[in-house]
Amino acid sequence: MPPVEQESGFWYNATCILSHHTRSICMRMSHVFSRTLREAPSAADSKGYEYLLRAGFIQQLGAGIFSILPLGLRSIRKIENIIREEMDAIGGQEMLMPVVNPADIWKETGRYFSIDKEMSRFQDRVGRDMVLAMTHEECVTDVSRTQIDSYKRLPQLVYQLQTKWRDDPRPRAGLIRVREFTMKDSYSFDRDVEGLEKQYKAHYSAYFRIFGRCALPSIAVGSDSGMMGGKVAHEYMYLSPIGEDTIITCPSCGYTANRQVAVFKKTHVKEAPQSLVEKHTPACKSIEDLAAFLSIPKTQTAKALFMVGTFVDSTTGEEREQLIVGVIRGDMEIEENKLQNAAHANALRPAHVDEIKAAGMEPGFGSPIGAKKGIMVIVDDSVAEASNLVAGANKEDYHLLNTNFGRDYTGEVADIASAAGGYLCATCGGLLEQSKGVEVGNIFQLGTRYSQSMGCYFQDEDGVRKPVIMGSYGIGVGRLLACLAEEYHDEQGLKLPISTAPYQVHLVSLVKEAEVGERIYNQLQEAGIEVLYDDRKESAGVKFADADLIGVPIRLTVGNRSLKEGKVEVKLRSNLGETLSFAMDDLVVEVKAQLDKLQQGIDSSIHFAELA
RNA sequence: CGGGGCGUUGCCUAGUGGCUAAGGCGCUUGCUUUGGGAGCAAGAAAUCGGAGGUUCGAGUCCUCUCGCCCCGACCA
């Protein structure tokens, strides 16, 4: 390689980059790349999103595709560094895996076939199948099957902060649900289940420290393992009305779960079966109508939900559709996620009317009784354990009285009921509550799902080749920022906590002469404090409004009012009503003390949760 | 993918088929102002998302298309 000449642009640029880098903890408002917006863009549907746009943290490029602007990136970097520190603390090693994957490894695990359009595919110039990785289990398993060959190389934990692309059918709510996003994903490798559980527990606690240090309120809930194919899983939820997930919690015993898997206590009364009776029930298409018409409680009825499941052969990729009938007691709803799991289907969609009729059933008056063979029947235990329920007769305007599972029809019994607030806790019998939440992180015990299908084996002490036991753990970085913006704002704008705000101090100079402001700016900068300095020739109102909007935690105002007394005005963004004052001579010390105080406020509220 | 809505300057909006597409914010220049989005004056900035069509005449009506948003389906 030829030596680089001193005069070349490379050296010149490198010098610039270095000198710039050393000063990059501070910024002048007159140089900030983005600008603030006085009005909310029409796309902003939540306050957090609105202020991220108005403060110039992000800009939308397309549906679910955002640019992160310099201010936003500073917050993102702080979040990422907190994540790095906590992942390093539990033994994680950072690495980086490619966004573009050859499809081959995805075919090995079968997910090339089982994942629908959410994964984008293309062919390279030679015609090879490629995918945009929406997660990295395949890639990391490929890496570890060459790196890990012996129990001596276990356990391991690697992680990355990398772009993911998921072609979500409906991106929404700003950074909450996007198609391209940065995710921290870590992957654990162990020789046995005990090792996996240890790493899982380490993540469980590390995640609380991460969200705690970001000052994002969060709870861990039991969750569905979905397409990850594992068994044990938790999701970390930021509870908020803007959330799309429904969380079921029990205030009495602390049970929490995503509604997709939440269980609850069902009560049934077993009676002696009575004989079937066909009953004319004109226009009783809904359970409400039926119960009213017959003057019986809804608990004495059974209703059917008709879905078509897609089943994919994970080795050949061949798809097959099958009609699934879910049966549940009339007073409850079917949780489709549970139904899909019970059916072991890759996907579910509502059945068309003709599909239902073709199977010998009648929509509105349907039940598995007398249906044609070959359909999958999944019956909730609420129905299987009950007696003499009223169910559809598969004939328009007719129902059957006294139907009994086992006698009149059969099928697989499973819990497919949707939990809701007001139901009874399965653990302690207390009243369940429900709330909305945003999933900001998740942890999965994968087991050997990937190592087995991809041949990631190690040789154990006993000389036997065994599949590596894996775990997978994710945190959505941009989503975390979006949640923080949602949690920390008021009518004036953002007020992110000190640990994730783009700068620590917002210095507003209101005096004509630049000297005082410049001097303070340099002082703070030399003390290693991250300052955003409003040096613009703008009116006080504009500067204050922008400071409120961007929401840097500590605001220093240099104005003639306090300057005369040798003082600088101080406001905390979290409490604009109160004005403090620092003596000019003690400014750096006072600011540092205030920073410590803010940081301690966050540190002291972190709860060190452990998984039992 | 189904249902609905919206595309007019950087942002927010107005605009009966009829004159040179209007206003606010922002931007530029000058002067004034300087403790909560200040004032005066003068400017720049729009192929009205795109393509067809109807018409003497289309931002406005019709067809197609693209994009974005919302509800649902969907989703680690």
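The values are calculated or read from the model by the stated rules, or taken from the named source; none is laboratory data. This structure is a prediction, so every number in the text was calculated from the model and none was measured. No Cβ is skipped: glycine too gets one built from the backbone with ideal geometry, and neighbour counts run over all protein chains shown.
The table below gives the values:
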{"read-out": "Segment A:410-423 - residue that is within 27 Å of the chain's Cα centre (by Cα) and away from RNA strand B (no atom under 16 Å from the Cβ) and, of those, nearest to residue A:306 (Cα to Cα)", "value": "A:417"}
{"read-out": "Scan of segment A:536-575 for residues that are under 36 Å from the mean Cα position of the chain (by Cα) and over 23 Å from residue A:28 (Cβ atoms), ordered by number", "value": "A:574, A:575"}
{"read-out": "Qualifying residues in segment A:563-612 (those that are among the hydroxyl-bearing types (Ser, Thr, Tyr) and not in a strand (DSSP E or B)) - the one nearest to RNA strand B (Cβ to nearest atom)", "value": "A:574"}
{"read-out": "Which listed residue is part of a strand (DSSP E or B) and hydrophobic (A, V, I, L, M, F, W, C), from A:61, A:52", "value": "A:61"}
{"read-out": "Subset of segment A:179-194 (residues that are within 26 Å of residue A:133 (Cβ to Cβ) and either part of a strand (DSSP E or B) or more than 16 Å from RNA strand B (Cβ to nearest atom) (or both))", "value": "A:180, A:181, A:182, A:183, A:184, A:185, A:186, A:187, A:188, A:189, A:190"}
{"read-out": "Residue A:142 being out of contact with any helix residue (DSSP H, G or I) (no Cβ under 8 Å at 6 or more places or on another chain) and in a helix (DSSP H, G or I)", "value": "no"}
{"read-out": "Failed condition for residue A:493, given (1) in contact with a Ser or Thr (Cβ under 9 Å, 6 or more places away or on another chain); (2) away from RNA strand B (no atom under 16 Å from the Cβ)", "value": "(2)"}
{"read-out": "Criterion violated by residue A:164 - all others in (1) more than 11 Å from RNA strand B (Cβ to nearest atom); (2) in a strand (DSSP E or B); (3) surrounded by fewer than 20 Cβ atoms within 10 Å (Cβ to Cβ) satisfied", "value": "(1)"}
{"read-out": "Filter result for the condition that a residue is more than 14 Å from RNA strand B (Cβ to nearest atom) and modelled with pLDDT under 95, over A:104, A:88", "value": "A:104"}
{"read-out": "Matching residues, segment A:563-612, being of a type in the set (Ser, Thr, Tyr), exposed (fewer than 13 other Cβ atoms within 10 Å of the Cβ) and in contact (Cβ under 8 Å) with a residue 60 or more places away in the chain", "value": "A:605"}
{"read-out": "Residue that is farthest from RNA strand B (Cβ to nearest atom), among those in segment A:548-562 that are part of a helix (DSSP H, G or I) and buried (at least 16 other Cβ atoms within 10 Å of the Cβ)", "value": "A:550"}
{"read-out": "Filter result for the condition that a residue is in contact (Cβ under 8 Å) with a residue 12 or more places away in the chain, within 15 Å of RNA strand B (Cβ to nearest atom) and over 13 Å from the mean Cα position of the chain (by Cα), over A:206, A:257", "value": "A:257"}
{"read-out": "Subset of segment A:346-368 [surrounded by fewer than 21 Cβ atoms within 10 Å (Cβ to Cβ), of a type in the set (A, V, I, L, M, F, W, C) and in contact with a strand residue (DSSP E or B) (Cβ under 6 Å, 6 or more places away or on another chain)]", "value": "A:347, A:348, A:359"}
{"read-out": "Number of the exception - residue A:133 against (1) touching a Ser or Thr at 6+ places or on another chain (Cβ under 8 Å); (2) surrounded by 16 or more Cβ atoms within 10 Å (Cβ to Cβ); (3) free of Cβ contacts under 8 Å to residues at least 40 places away in the same chain", "value": "(1)"}
{"read-out": "Subset of segment A:437-460 that is under 22 Å from residue A:248 (Cα atoms) and away from RNA strand B (no atom under 11 Å from the Cβ) - its residue that is surrounded by the fewest Cβ atoms within 10 Å (Cβ to Cβ)", "value": "A:445"}
{"read-out": "Leading residue by the ranking (farthest from RNA strand B (Cβ to nearest atom)) among those in segment A:61-85 that are surrounded by fewer than 17 Cβ atoms within 10 Å (Cβ to Cβ) and among the polar types (S, T, N, Q)", "value": "A:81"}
{"read-out": "Candidate set from segment A:51-88 (those that are acidic (Asp, Glu) and over 20 Å from the mean Cα position of the chain (by Cα)); member that is nearest to residue A:178 (Cα to Cα)", "value": "A:85"}
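Residue-by-condition table, conditions (1) crowded, with 19+ Cβ neighbours inside 10 Å; (2) outside the structural domain of residue A:76 (by TED's automatic domain parsing); (3) of a type in the set (D, E, K, R); (4) within 16 Å of RNA strand B (Cβ to nearest atom):
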{"position": "A:242", "(1), (2), (3), (4)": "yes, no, no, yes"}
{"position": "A:251", "(1), (2), (3), (4)": "no, no, no, no"}
{"position": "A:268", "(1), (2), (3), (4)": "no, yes, no, no"}
{"position": "A:294", "(1), (2), (3), (4)": "no, yes, no, no"}
